[in-house]
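Working notes, beginning with the structure itself.
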Amino acid sequence: MDNKKPSFTEKEVNPLTSLDQWEDAVLERYPTPESIATSKSVDEYRNYDTPERDTVREFYRLNHTYQTYDFVQQKRADFLQFNKKEMPVWDAFNFLNELVDDSDPDTDLDQFQHLLQTSEAIRHDGHPDWMVLTGLMHDMGKVLCLFGEPQWAVVGDTFPVGAPYSDKVVYPEYFRNNPDYQNTVYQEGTGVYERGCGLRNVHMSWGHDEYVYQMMKDHLPESGLYMLRYHSFYAWHREGAYDYLLDDHDHEMLKWVKLFNPYDLYSKNPVPPDWNKLRSYYEDLVAKYLPANLKF
């Protein structure tokens, strides 16, 4: 019997010797949009000029009209108490089986299928399992519709309230219908915020991003939490708007939001994943990171 111990190189013993190296290893695996988009060309995604679905323009007309600064404060006070219901995350996913996002021009699949497409694309590229879970959870906050919330108060691109509207937000013309549009406190200078205050001090239009971030903030690393909280803030992470609100931490974390975005956007295709084949993996993943029941 050979009792000789195996010999390992220093790199094999300590493949990632620091957190910075670990982050670099993950971020090196930036996907190309073309490697994820399988159902249509990259240029066909986020087509708001001539959206294929009739619901899209009407959604943003309502969203931009009614998402005021005061409305956001009311919703935060109401829903961030998490006293509506307690249930397993799988019950929330069952509800998402019935929800199609009216704001999305790229898919008419129910939301759970979209979550699986996102998380499977992340898993396919070999990212850590916490990021796969982030993909699975990123739109779970749309369960807000279960509590009677209209879609314009739950889904769609997000934007700061209490700050001047940017023309980088989709359909900016609809902001003229918003009462805050006439409020000089909000629309002059930097609005109610200090320059460089940091996004954590900025109130975003109310919806599923903030809701799921607050729900998951004790269960995922900071990089995953930024993905959750700002994945719908396209005017920032895609168009570069609202830079005057950012602090150094936001600039540092932007790379994680940018890493996540292609998986969220370009994984959408008409073919749903095979849940029967994936179920065991995702049940184990959820059990690893999350409690049996979540408060909603």
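At a glance:
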read-out	value
Accessible-area order (highest first, 1.4 angstrom probe) of the listed residues 173, 86, 120	86, 173, 120
Solvent exposure, largest accessible area first (probe 1.4 Å, DNA, RNA and ligands not counted), of 124, 64, 249, 219	124, 249, 219, 64
Cross-link table 168/255; 217/288; 258/288; 142/295; 75/258; 168/217, entries beyond 18 Å C-alpha to C-alpha	168/255; 258/288; 75/258; 168/217
Cleavage-rule hits, trypsin sites (Lys or Arg not before Pro), segment 190-296, DSSP coil, Cβ neighbours within 10 Å at most 13	195, 217
Cα gyration tensor shape of segment 181-296, rounded if a/c is under 1.5, else prolate or oblate by comparing a/b with b/c	prolate
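The values are calculated or read from the model by the stated rules, or taken from the named source; none is laboratory data. Here the structure is a predicted model, which means the values were calculated and not measured. When we count neighbours, we look across all protein chains shown, and the Cβ atoms used for this are built from the backbone with ideal geometry, even at glycine. The protein model used for the area step is the full one, side chains on, heavy atoms only, and it has no ligands, DNA or RNA in it. Shrake-Rupley method; radii C 1.70, N 1.55, O 1.52, S 1.80 Å.
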